Each structure stands twice: as structure tokens, then as C-alpha cells.
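Student: This is the structure I want to talk about, given as C-alpha cells.
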Amino acid sequence: MITITERLKSATHRVAKAAEKCGRDPKEITLLAVSKTKPLDAIREAADAGQLCFGENYPQEGADKVATLNDPLLQWHFIGPLQSNKTRMVAENFYWVHSLDRYKIAKRLNEQRPDALPPLQVCIQINIDEEESKSGIKPQELMALAHQIAALPKLQLRGLMAIPRHSDNISRQRQSFAAMQRLFNALQQEFPHVDTLSMGMSGDLESAIEYGATIVRVGTAIFGAREKK
Ligand SMILES: *Cc1c(COP(=O)(O)O)cnc(C)c1O
């Protein structure tokens, strides 16, 4: 049996190798351990091995884990689809949201973010391959939404997130990441402080890093396969 600690080490190594290969400093890239559907024990093992950033997809499951583990060193990122009736759980329990794609949700998060907490760090999710089944906005909708979000005091716009269409064809995959990198550069022209490009998962983190990813979201490669939810 390969342990989570060993898998974490090899995921960290993959990130470092990929960074090195394209002349980037591995320190620019954060490995986010996606722990959705995984038990608390698994998260604790990863945390004991030094992993501090965790990603969750479901508001209730995530909020329960944050409360139960109750460890101020852990940094929780919400990366799943978010409905209006679940925003409070996210505003009160998470440090980051990667999957923001509607002003209505942004406004609610802003209203519900407790004053005692720092601003919620947010990325706008882009549906880069314009797939029916995926959340996220169209690239041409980005600037308008970014300006609206930037005006909300309890949110801090950090950058962009995408889940490109799954493809075994490396050059197709690269096209999606390259399109995200161009969009991110355009966003930075308008908002010079944005610094986060969240893309790349267990299967494609190397290409994502080649195109400027600063957070890679890795589940399976760290925690093993998930049961279908
Ligand atoms: C599940 C999930 C991941 C992790 O995917 P793996 O292929 O298991 O690494 C990353 N990002 C999002 C948004 C996810 O829902």
C-alpha cells in the first residue's frame, strides 16, 4: 500500500520537476490537496506530512471538516459549484473560493463574510472550453464581472480558475491552458495585483504549470481514487 504521505511527496516532486522544466521557481506554485469525499483521517495524515492547503467541493461536507479539524494552520479552499442557499457556509468557513462565476453569489459572500475574518480570497471560474456541463463564465464576460467583484470590500480578487475539457490529446489540453494564460495576462493588465491562476489536476498538472498555473488542485494523485458521489 502506498501511503498518503508517499503520494504527497511524489505530487510535490512532480510540481517541482514541472516548474524546473519551464524555468519557474517551484515556490511560485501551491499544491492544493483536494480532499472532497475523503475522510478526516486522510486529511490529518496529509496535514501531519506538512500539507496545509486543502480543497473541498461541497459546502456542507467542507464546513463540517473545517469545524471538526478546527486547526488554524490549515487553509481551506472552496472549489466546487456554489448555490445561493449555501453561500453562508462558505463565507464563514473558507479562506478562498476558486469557483466564483456570478455577481449574485459574490454579493452574498461579501455580505455574509464575518468581520472578524480577512477578506475572502476569490478566483473567477472560466468555462474555457465553453462546455454545457461546466460552471464558469465565458471569457468575454470576464472584465465586467471582475470590475463588479473588485468593488466588494470583503472579497479580494486574486485571479482565475478553470477546469479544461478532459482530453488525452496533449496539444488540445495545452490550447485550453494557453487560452487561460492569455486571459490571465489580460486580467493582470486591468488589475495588476491579481496573482493566481488555478488550473491543473492529477492528470495534467505538468501542462498547467507550463502555462503559468500558480495553484494546482490535486485529488486522486494524493488521496487515491474517489468513490462516485
Ligand atoms: C475533484 C477536483 C479536482 C481534483 O481532481 P483529481 O483529478 O482527482 O486531481 C480539482 N479541481 C476541481 C474543481 C475538482 O472538482
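Student: Whole angstrom only: what separates the Cα centroid of the stretch 199-222 from the Cα centroid of the stretch 168-198?
Tutor: 13 Å
Student: Run the numbers for GLU227 and LYS17: contour at 0.36 nm per residue of separation, minus the present Cα-Cα distance, in nm.
Tutor: 72.6 nm
Student: Something else now. Just to confirm my numbers, what's the Cα centroid distance between the stretch 30-76 and the stretch 103-160 in Å?
Tutor: With the stretch 30-76 and the stretch 103-160 each reduced to a Cα centre, they are spaced 22 Å.
Student: Enter the mean projected area of the convex hull around the alpha-carbon atoms of the stretch 132-184, in nm², rounded to one decimal. Walk me through the intermediate numbers first.
Tutor: Values: hull surface 17.5 nm².
For the Cα atoms of the stretch 132-184, the hull's average projected area reads 4.4 nm².
Student: Here's a follow-up. Return the FRET efficiency for the residue pair ALA67, TYR103: r is the Cβ-Cβ distance, R0 is 25 Å, and the value is rounded to the nearest 0.05. It would help to have the intermediate numbers written out before the result.
Tutor: Values: r = 29 Å, r/R0 = 1.15.
Taking R0 as 25 Å, the efficiency between ALA67 and TYR103 is 0.30.
Student: Here is a follow-up. Assign unit charges at the C-beta atoms only (+1 for Lys and Arg, -1 for Asp and Glu), then state the dipole size of the chain relative to its Cα centre in Debye, rounded to the nearest 20.
Tutor: Here the chain has a charge dipole of around 240 debye.
Student: What number, in percent, do you get for the relative contact order of the chain if the mean sequence gap of Cα pairs under 8 Å and at least 6 apart is divided by its residue count?
Tutor: 20 percent
Student: Taking 7 Å along the Cα-to-C-beta vector as the label spot, tell me the GLN189-GLU28 distance in nanometres, rounded to one decimal.
Tutor: According to this spin-label approximation, the distance is 2.0 nm.
Student: Which GluC sites (Glu not before Pro) does the stretch 114-193 hold that lie in a coil by DSSP with at most 14 other beta carbons within 10 Å? Walk me through the numbers on the way to the answer.
Tutor: On the way: sites: GLU130, GLU131, GLU132, GLU141, GLU190; in loops: GLU130, GLU131, GLU132.
Here the GluC sites (Glu not before Pro) that fit, given the DSSP loop and packing criteria, are GLU130, GLU131, GLU132.
Student: Per residue, what accessible area does the chain have, given a 1.4 Å probe and all protein chains present, in Å²?
Tutor: In whole numbers, the chain has 49 Å² accessible per residue.
Student: Follow-up question, since we're still on this one. What's the ranking of 111-117, 80-86 by average number of surrounding C-beta atoms within 10 Å, highest first?
Tutor: 80-86, 111-117
Student: To continue, here is another question. Using +1 at the C-beta of Lys and Arg and -1 at the C-beta of Asp and Glu, which of CYS53, SER171, THR5 has the Cα lying farthest in the positive direction of the dipole of the chain?
Tutor: SER171
Student: For n ≥ 4 DSSP H runs only, could you compute -39500 (n - 2.57) per run for the chain, divide by its residues and tell me the 222 nm figure to the nearest 500?
Tutor: Numbers: 9 runs with 95 residues, N = 229.
One gets -12500 deg cm²/dmol as the mean residue ellipticity at 222 nm.
Student: Once you charge only the Cβ atoms, +1 for Lys and Arg and -1 for Asp and Glu, what is the size of the charge dipole of the stretch 1-61 about its Cα centre, to the nearest 20 debye?
Tutor: Around 280 debye, computed over the stretch 1-61.
Student: Can you give the charge dipole size of the stretch 129-229 about its Cα centre, rounded to the nearest 20 debye, using +1 on the beta carbon of Lys and Arg and -1 on the beta carbon of Asp and Glu?
Tutor: Result for the stretch 129-229 is approximately 260 debye, rounded to the nearest 20.
Student: Calculate the translational D of the chain in whole µm² s⁻¹ from Stokes-Einstein, where the hydrodynamic radius comes from the Kirkwood formula applied to all Cα pairs, the temperature is 37 °C and the viscosity 0.692 mPa s.
Tutor: Numbers: Rh = 17.8 Å.
Taking Rh from Cα pairs, D becomes 185 µm²/s.
Student: Multiply the residue gap between LYS138 and GLN75 by 0.36 nm, knock off their C-alpha separation, and tell me the result in nm, one decimal place.
Tutor: 19.8 nm
The values are calculated or read from the model by the stated rules, or taken from the named source; none is laboratory data. Predicted model only: the values in this text are computed from it and were never measured. All Cβ positions, glycine included, derive from the backbone under ideal geometry; neighbour counts span all protein chains shown. Surface accessibility is based on the protein's heavy atoms, side chains included, excluding ligands, DNA and RNA. Shrake-Rupley method; radii C 1.70, N 1.55, O 1.52, S 1.80 Å.
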